[in-house]
Amino acid sequence: MAQLWGGRFTKETDQMVYDFNASISFDKRLLSQDIEGSIAHATMLGETGIITSDERDSILEGLRGILMDVSEGRLEITNEYEDVHSFVEANLIDRIGDAGKKLHTGRSRNDQVALDMRMYVRSEIGEIKADVKALLFELHDLMKKNLDTYMPGFTHMQKAQPVTFAHHIGAYMEMFKRDYTRLTDTYERLNYCPLGAGALAGTTYPLDRELTASLLHFKGPTLNSMDSVSDRDYVIELLSDLSIIMMHLSRFSEEIITWNSNEYSFIELDDSYSTGSSIMPQKKNPDIAELVRGKTGRVYGALMSMLTTMKGIPLAYNKDMQEDKEFTFDAIDTAKDCIVLFTGMISTMRLRTDKMEQSTMRGFANATDAADYLVKHGVPFRDAHGIIGRLVLYAIDKGVAIDDLSLEELKEISPVFEEDIYQAISLKECVEKRNTIGAPGPDAMKKVIAENESFLAAL
Ligand code: ARG
């Protein structure tokens, strides 16, 4: 047991208590942030004359040595230390002696861990944004290639109106664009430096908090020392961002699974992104999409856990907050894997555009357009709705599409129909006429694609 706080104790900590309290097994992940933060703190202590420049130089050299030795495998982070902060400080003192004991001047583990966690979340946001960006480029590509790939649009899982594959993918493009900007917002709000808040009430040393903040590339120091050490809003925000991303990926996965089914066959997942069955030789399963859908629960769990952990904590730091790490790390790892794998899966899937088009033809997706035809010829919409309803019933009975009925049959239901009805309800016409902003018509889609082009160029 290597602890930083033995002085006021007369008894050893019980082993089980020690193990329960320790966080090294998971917070060792924060080593580089911890050392980077300590380097900035020591630099500032030197700059303000709180330690001498010799002491500062030897601390900096010691800290850099620890980081290098760990990353090159010469030094192992073992469970004999309580947490990553104790590991670094104990090793520093071993290396450089008394100067190492001065590193913690004007600092507490409370502001230290608040800093480490903020820096970790900050750098992970950068990585997650890069993964979302790659996904956005893939979606953009799919959109550009499928402006006239017709497919049925659904409501209630029932064929509703014809759209295009580009338009359907465009809906996800919007979701992931929002996800990207949400991550940027979270980053902007968290980007203030808590170091210098001390245990909770600042310190009597003349720390230069502006300097530490700028050395660590923060916009500035945080403004309330009690909040600084007990704020984990940015963790909750990131977990919310990730939960929303996972919700989007999960909905998309659900569609991929449906489209990949024998019954739909709108797409075929690549062999490299599918798995087989141990007993049924014919199977090619969409396990990756199912796992993405399944892992969504895990990320939501992290968000719920963190919200619940924080809800009863009085100001300022309490040890409950150590629980911010494991689920957050897991949620970040999970979401990153899911985004990357999902992107690979959709970039390798094969589109069965013939099946999509056939499916659009069967299922009366053009019934609204048939009603609109009547409206354009003076029939009030409510009456037109009733007429087409009867027409659909007749066609269902015959087992054909509206397009397959003869003009005589159509006229029997409404004399308003003329030869041009067939063109008016053709797939091409149904889609091409829908050109209001956001609709699937090619002119509207081209505008959106141009907007997306500039969105992507600015990332
Ligand atoms: N391992 C602790 C955490 O993650 C570090 C802060 C400890 N501070 C304290 N006062 N015990 O929260």
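Once the C-beta distance of Arg350 and Ile413 is scaled by a Förster radius of 35 Å, the resulting FRET efficiency is 0.30 to the nearest 0.05.
Placing a label point 7 Å from the Cα of Asp19 along the Cα-to-Cβ line, the residues of segment 65-96 whose backbone N sits under 18 Å from it are 78-83. A 1.4 Å probe run over the protein chains yields, for the chain, 48 Å² of accessible area per residue, whole-number rounding. Length gained on full extension, Ser406 to Phe26: 129.6 nm, using 0.36 nm per residue less the C-alpha separation. Were the residues from Asp141 through Glu326 laid out at 0.36 nm apart, the gain over their Cα-Cα distance would be 63.0 nm. Entry note, the chain: relative contact order of 15 percent, from Cα contacts under 8 Å with a spacing of 6+ residues. Tell me the carbon and sulfur percent of the accessible area for segment 203-264, rounded to whole percent, probe radius 1.4 Å. Here carbon and sulfur together make up 51 percent of the probe-accessible area. Tyr273 contributes an accessible area of around 50 Å² to the protein surface, as traced by a 1.4 Å probe with all chains present. Of the accessible area of segment 268-319, computed with a 1.4 Å probe over protein heavy atoms only, carbon and sulfur atoms account for 57 percent. Checking every one of the GluC sites (Glu not before Pro) in segment 12-102 against DSSP loop status and a limit of 15 other Cβ atoms within 10 Å picks out Glu12, Glu72, Glu76, Glu80. Summarising the label geometry, the points placed 7 Å from Cα in the beta-carbon direction at Arg382 and Glu254 lie 3.5 nm from one another.
Of the listed residues Ser23, Ser53, Ser272, the order by accessible area with a 1.4 Å probe, largest first, is Ser272, Ser53, Ser23. The length gained by stretching the chain between Thr52 and Glu188 to full extension, at 0.36 nm per residue less their Cα-Cα distance, is 45.5 nm. Only the Cβ atoms of Lys and Arg (+1) and of Asp and Glu (-1) were treated as charged; on that basis the dipole of the chain about its Cα centre amounts to roughly 520 debye. How big is the gap, in Å, between the Cα center of segment 343-402 and the Cα center of segment 111-161? Distance between centres, Cα-based: 30 Å. These residues, Leu147, Leu135, go from largest to smallest accessible area, 1.4 Å probe, as Leu147, Leu135. The listed residues His41, His167, His385 rank as His385, His167, His41 when sorted by accessible area, largest first, using a 1.4 Å probe. Spacing of the modelled spin labels on Ala134 and His104, each 7 Å from Cα toward Cβ, amounts to 4.1 nm.
Calculated mean residue ellipticity at 222 nm for the chain: -20000 deg cm²/dmol, from DSSP H runs with n ≥ 4 weighted as -39500 (n - 2.57), summed, divided by the residue count and rounded to 500. Take the Cα of Ser265, step 7 Å toward its Cβ, do the same at Glu127, and the gap between the two points is 4.2 nm.
Its residue count N fixes a reference of 2.2 N^0.38 Å for the chain, and the Cα radius of gyration divided by that reference is 1.35. Provide the net charge surrounding His85, with neighbours chosen by a C-beta distance below 12 Å and charges set as Lys +1, Arg +1, Asp -1, Glu -1. Taking every other residue near His85 into account, the sum is -4.
Looking at segment 326-417, the trypsin sites (Lys or Arg not before Pro) that sit in a DSSP loop and have at most 13 other Cβ atoms within 10 Å of their own Cβ are Arg362. Across the accessible surface of segment 13-123, with the other protein chains kept in place and a 1.4 Å probe, carbon and sulfur atoms take up 48 percent.
Among the GluC sites (Glu not before Pro) in segment 211-308, those located in a DSSP loop and surrounded by at most 13 other Cβ atoms within 10 Å of their own Cβ are Glu263. Specify the angular offset, from 0 to 90 degrees and rounded to the nearest 10, of the alpha carbon long axis of helix 109-145 from the longest principal axis of the alpha carbons in the chain. So the helix axis and the longest Cα principal axis differ by about 20 degrees. For Lys376, the lysines whose Cα falls under 29 Å of its own Cα, not counting residues fewer than eight places away in the same chain, are Lys159, Lys398, Lys411, Lys428, Lys433, Lys446, Lys447.
The values are calculated or read from the model by the stated rules, or taken from the named source; none is laboratory data. Just so it is clear, the structure is predicted and the values come from calculations on it, not from any experiment. Heads up, the Cβs are rebuilt from the backbone with ideal geometry, glycines too, and the neighbour counts pull from every protein chain shown. What goes into the accessible areas is simple: the full protein's heavy atoms, side chains included, and nothing from ligands, DNA or RNA. Shrake-Rupley method; radii C 1.70, N 1.55, O 1.52, S 1.80 Å.
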